[in-house]
Amino acid sequence: MNRSEQSAVRLTAQPLLITTRCSGGCAPCPFASGRLPQKYMTCADVLNHLKASTAPLVVITGGEPFEHPHVEEILTELAQVSTPFRIATGGHIALSDSIARLHRSKGFQGISLGTDVLSDLSEHCREHTLTWKRNIRILEKNKIRYSLSLTLNPDFNAFDVLQTALNCGAQPEFIYLRIPVTGASSRLPHSRSAYHSTLVDFIRRRWKNIEIIEDILAS
Ligand code: SF4
């Protein structure tokens, strides 16, 4: 698969929301603790969904998948799964104990690491940032593929967040940019296109040849 085919697969990946629980504490997020009823899929349901999926890629997401009450069981059982999947995390939960289990799964395609917890959007930004950086070092040390996800938002300094990633030696496989075209984007510091192109230029200068996947959000 060439890079643009890979990008298309990643952009159209099927999400599998396994829990609404998340302790990220990010201001605008519906999953921040207590805003939604705390629900989760059983381990058997997660496995059945993955095994039955015909999508080229499934993204296990939440809430925070690593805060699923039975996450250890799920990670162990994922070893049987050959459906290609990634796991999306806010990055504020320590990954050190999960890495070895993920390595065993044939379907495992990498971690999608969010960045909201690195910003003032999160009420626990300081402590979450420390865990996030530790996770980057663990992923790098264990040669686990991972990406970074950013949603452009006037209350989120994307440049500061990317600089934090650079400072801890992050070498993501790709960067996933979610770009709202209405609502929040109208309050971005410059026009959306100027802000966006400055950001893309920043990324390309720091991470040579990196794949940038852009997702234009309708609202
Ligand atoms: S880490 Fe992600 S899911 Fe959790 S509150 Fe923040 S934005 Fe929402």
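Nothing in this text is a laboratory measurement; each read-out follows from the coordinates by a stated rule. Just so it is clear, the structure is predicted and the values come from calculations on it, not from any experiment. Positions of Cβ are generated from backbone atoms using ideal geometry, with glycine treated the same way; all protein chains shown enter the neighbour counts.
Between the helical axis of 158-167 and the dominant principal axis of the chain, each derived from Cα atoms, what acute angle in degrees is found, rounded to the nearest 10?
60
Taking the chain on its own, what percent of its Cα-Cα pair distances exceed 24 Å? Let's see the in-between values first.
Working: 10084 of 23871 pairs.
More than 24 Å apart: 42 percent of the Cα pairs in the chain.
Name the residue from Ala194, Thr76, Cys22 whose Cα lies farthest towards the positive end of the charge dipole of the stretch 3-217, charges +1 on Cβ of Lys and Arg and -1 on Cβ of Asp and Glu.
Toward the positive end, the furthest listed residue is Ala194.
Between beta-carbons, use under 11 Å as the cut-off and find the net charge around Glu72, counting Lys and Arg +1, Asp and Glu -1.
Numbers: positive: Arg101; negative: Glu73, Glu77, Asp97.
Net charge in that neighbourhood comes out at -2.
In degrees, nearest 10, range 0 to 90: what is the angle between the Cα axis of helix 125-141 and the longest Cα principal axis of the chain?
60
By the 4.7 Å beta carbon criterion, which cysteine residues of the chain come out unpaired?
Cys22, Cys43, Cys125, Cys168
Kindly provide the helix-only [θ] at 222 nm of the chain, computed as the sum of -39,500 (n - 2.57) over DSSP H runs of four or more divided by all residues, to the nearest 500 deg cm²/dmol? Provide the component values of the computation, followed by the final result.
Numbers: 7 runs with 73 residues, N = 219.
Mean residue ellipticity, 222 nm, calculated: -10000 deg cm²/dmol.
Under a Cβ-only charge scheme (Lys and Arg +1, Asp and Glu -1), can you give me the dipole magnitude of the chain about the Cα centre, in debye to the nearest 20? Let's see the in-between values first.
On the way: 24 positive and 20 negative charges, 110 e Å.
That gives a dipole near 520 debye.
Cα axis of helix 192-206 to longest principal axis of the chain: angle in degrees, 0 to 90, nearest 10?
70
Would you mind calculating the gained length between Arg3 and Glu73 on full extension (0.36 nm times residue separation, minus the Cα-Cα distance), in nm to one decimal? Numbers along the way, then the final one.
On the way: separation 70, 0.36 × 70 = 25.20 nm, distance 3.37 nm.
Result for the pair: 21.8 nm of gain on full extension.
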